[in-house]
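What follows is a single structure, written as structure tokens, with notes after it.
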Amino acid sequence: MFLRKIEISGFKSFAKKTVLDFSKAGVLSGGKKLGITAIVGPNGSGKSNIADALKWALGEQSMKTLRGKKSEDIIFAGSGKKSQLGSAQVSIYLDNSSKKIPIDYEDLVITRKIYRSGESEYLINGSRVRLLDIVDMLAKAGIGQRSYCIINQGMADHALNATPVERRVIIEEAAGVKEHQIKKERSERKLRSTKINIERVKGLLTEIEPHLNMLRRQSQKAEKGDEYRQNLNQKQNELFGFLWGNIQKEKEQSSGIKDDFSKKIMINQREIDEIQDKLSKESGNKASHQEEIRKLEDEERKINYASNDLERRLIIEQGKLELEKERQKEIKLIEIIPVDASFIKTRLDDLQKRQNQLVEKLSLLKNLGGLEELKEYAKKISIDLSELHQGVIKGKIEKKKQEDKIQKIHQEGQARLDAMQLEIEKIRKERDKVELQRKEIRGKINDLIKKDQEDRRETIRLEDELRRKQFETEKVKDQFNDYKLEFAKLEVREEDLQIRIEKEMKVSPEKIKKTDAHVDVNKWEHDIERLKFQLEQVGAIDETILQEYQETQERYDFLKKESEDLEDAIKSLRKVIKEMEHNIKGNFEETFKQINEKFSEYFKIIFGGGKSELVRVETRRRNNNKETEEEENGEVSDLEEEEIDEDDIQTGIEINACPPGKKIANLGMLSGGERTLTSIALLFAIISHNPPPFAILDEVEASLDEANSQRFGKILRQLSNKTQFVLVTHNRQTMKEASVLYGVSMNDDGISQLLSVHLDQVGEEGEINK
């Protein structure tokens, strides 16, 4: 089993969906290296947020552990360039092909999502589940937010700062006895509850037994009192018949009035339902209008963007046109040639050449016929020399451009102006077309707004009518409830009378003869009580006494059996507790021995020698109430003279660590770096004993120097054969051990970004081969 990838969206600084794929970190097969992935980046870039995201997805509930104060702190809060998000989601993809988690899926996806309102949900492969389901499932694979598969900043030093008892809990977690501890704790709770129940049962038996003896004696008495019973039966018939008849008459009158109010309420309720249906329809229309307005406004915005773009293009083209016109105006007919050293040298070389040609021609002249031609040639040389002299003085030579060249320049400029004018006309037509579309959409929006306002007025009218109808209905309901109350009182009187008749006469009220003759109720009640008393005096036993005796005897027998069952349950629970303690002790002893050996081994590797061991110590459980009372009275108890209960003794674990060349009496004498190294040695010892499928280490080696970092990497390579490691680090030596590097950076928008490099792709010169 291994961690395939993590998907983070909206969690803390990871506003955009970010995927960390660990499947390329090593050869993922049985018995082979699972690989090491390193996550690097500058401080504050969001590296540790990845470890927080994994811990949160595994069910972490403490915001303090996640470096927040309230649940919405883990949702991206926004920045100057991006608004805040409404939810955060983290999904963990696990390869379960080894069936380490006993479910049917080979690929397991655990997702946790939270909304800014505070609502959250958990999913396994897309199906919603409870947090308890995820915790129980991951515990079977040795994964959980409290396990050592995620070591955040500061957690590595926790084992050294913990109390001996807390260190024992850490070893027990590594021993995998959590399941036995849960069963033991449940059995102990059941045992305490069973002891309380058996004490209650014994108390009830003690309470019932005297009453049962009394009922047993009375049930043996069976004297008859026929005369008193006949007179009592006659008086009861006359009294109950009179009372029952009066109640039935009052019920009939009250029922008629109640029915009238009920009909009126039904009519009003039907009208209210009709109004509510209309309101519901209006609400639907309103939502439909709002949605249509929203869509039209979105379309209007798009058209505005297009219109603005066309306007911008039009302005640009018009500017170009004006610039081209200015350029056409500035075209000069005279070409100005700057006179510099290069120009002078070229012209002098030319004049020298021409002068030499003139001299050569003079030397070859045989008659005077060619003299005029040579004079003209010499005159041109003189003119060019004079022109060069003036140019040297002015620093430039003005020369008239050729007519055909000027005409060509004007033609080219006019062509550009025509093209620009056509483009401007095209953009104007597009702009007018877009503006027409915008006006049409705005007209539709205004029509819908007007319709929505009319619907709102209709809704207000219906709501006013609804409130009026509801007020009338409530008023009728109050009157109806008053009569219901009166009717209920009659029913209570009827029920009480019925119970009394059935209890005293053992017949239903319908079988009693009703009489219209007036009965003095007080006198008849007095006579009935007198006759009852006389029956008691002659020793008559009511049948209810016999029934009570039978019920009490059955209850006594039931409680007696319950007491025996509870005794058996106590024996069974004690047996279970003893068995769990045996399993816990056996697993703990073996785990303690192996972790102690590995701790000593890794300590020597990391420190290059030295001595370390885990030592079991016995500590007394603190009784805070008692200690507080003694402190207030100014008393201090002497532990040597006190009698200590065995239940007050707890077994803890102390850590003895002595680097080479030092004498260390306790952990407080270790330096900060030595404490870190000792913590790492213990952490690796725990991981090596019970290797989790994966482990996230968040800058646990931050304070190590290069030599210790190399030792740290050596152990990391050994453990990576059984555990997949993901390290958040700044350490270069740790980065060398990784197969894949993920770089985390943060731009000025406050969002963390990811860059991954597979080290197999890096060439000898540091280049990345794709």
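Overview of values
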| read-out | value |
| --- | --- |
| Whichever residue in region 106-133 is among the aliphatic types (A, V, I, L, M) and outside any helix (DSSP H, G or I) and, among such residues, is farthest from the chain's Cα centre (by Cα) | L108 |
| Pick from region 720-738, criterion open to solvent by 20 Å² or more (accessible area, probe 1.4 Å) and in contact with a Ser or Thr (Cβ under 7 Å, 6 or more places away or on another chain), ranking: farthest from N708 (Cα to Cα) | M735 |
| Residue among S91, S45, S97 that is surrounded by fewer than 21 Cβ atoms within 10 Å (Cβ to Cβ) and either of a type in the set (D, E) or not in a loop (DSSP other than H, G, I, E, B) (or both) | S91 |
| Among the residues listed as I528, I541, I545, the single one being hydrophobic (A, V, I, L, M, F, W, C) and either modelled with pLDDT of 80 or more or out of contact with any Leu (no Cβ under 7 Å at 6 or more places or on another chain) (or both) | I541 |
| Residue in region 577-591 that is over 40 Å from the mean Cα position of the chain (by Cα) and not in a helix (DSSP H, G or I) present | no |
| Which listed residue is within 14 Å of V434 (Cα to Cα), surrounded by fewer than 15 Cβ atoms within 10 Å (Cβ to Cβ), over 37 Å from the mean Cα position of the chain (by Cα) and free of Cβ contacts under 8 Å to residues at least 40 places away in the same chain, from D273, D309, D277 | D309 |
| Number of positions in region 134-146 that are of a type outside the set (S, T, N, Q) and part of a loop (DSSP other than H, G, I, E, B) | 6 |
| Where a residue in region 180-209 is more than 17 Å from E579 (Cβ to Cβ) and its partner, wherever it lies, is of a type outside the set (G, A, S) and open to solvent by 90 Å² or more (accessible area, probe 1.4 Å), with Cβ under 7 Å and at least six apart | L205/K560; I208/R555 |
| Candidate set from region 687-714 (those that are open to solvent by less than 10 Å² (accessible area, probe 1.4 Å) and assigned to a helix (DSSP H, G or I)); member that is farthest from K736 (Cα to Cα) | I687 |
| Leading residue by the ranking (farthest from I110 (Cα to Cα)) among those in region 3-33 that are modelled with pLDDT under 85 and open to solvent by less than 20 Å² (accessible area, probe 1.4 Å) | A25 |
| Top-ranked residue of region 729-748 - restricted to ones that are part of a strand (DSSP E or B) and small (G, A, S), ranked as farthest from A695 (Cα to Cα) | S745 |
| Members of region 666-682 found to be of a type in the set (S, T, N, Q) and open to solvent by 40 Å² or more (accessible area, probe 1.4 Å), listed by number | N666, S671 |
| Subset of region 564-617 that is more than 20 Å from L667 (Cβ to Cβ) and among the small types (G, A, S) - its residue that is most open to solvent (accessible area, probe 1.4 Å) | S572 |
| Wholly within region 147-263, helices (runs of 4 or more DSSP H) carrying at least 2 residues that are out of contact with any Phe, Trp or Tyr (no Cβ under 9 Å at 6 or more places or on another chain), at pLDDT below 75 and over 30 Å from V476 (Cα atoms) | 158-161, 178-219 |
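Let's see how each residue does on (1) open to solvent by 50 Å² or more (accessible area, probe 1.4 Å); (2) modelled with pLDDT of 75 or more; (3) assigned to a helix (DSSP H, G or I):
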position	(1), (2), (3)
K477	yes, yes, yes
N481	yes, yes, yes
K484	yes, yes, yes
F487	no, yes, yes
L490	no, yes, yes
R493	yes, yes, yes
Q498	yes, yes, yes
E502	yes, yes, yes
A517	yes, no, no
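The values are calculated or read from the model by the stated rules, or taken from the named source; none is laboratory data. The structure displayed is predicted, hence computed values, not measured ones. When we count neighbours, we look across all protein chains shown, and the Cβ atoms used for this are built from the backbone with ideal geometry, even at glycine. These area figures cover heavy atoms from the full protein model, side chains too; ligands, DNA and RNA do not enter into them. Shrake-Rupley method; radii C 1.70, N 1.55, O 1.52, S 1.80 Å.
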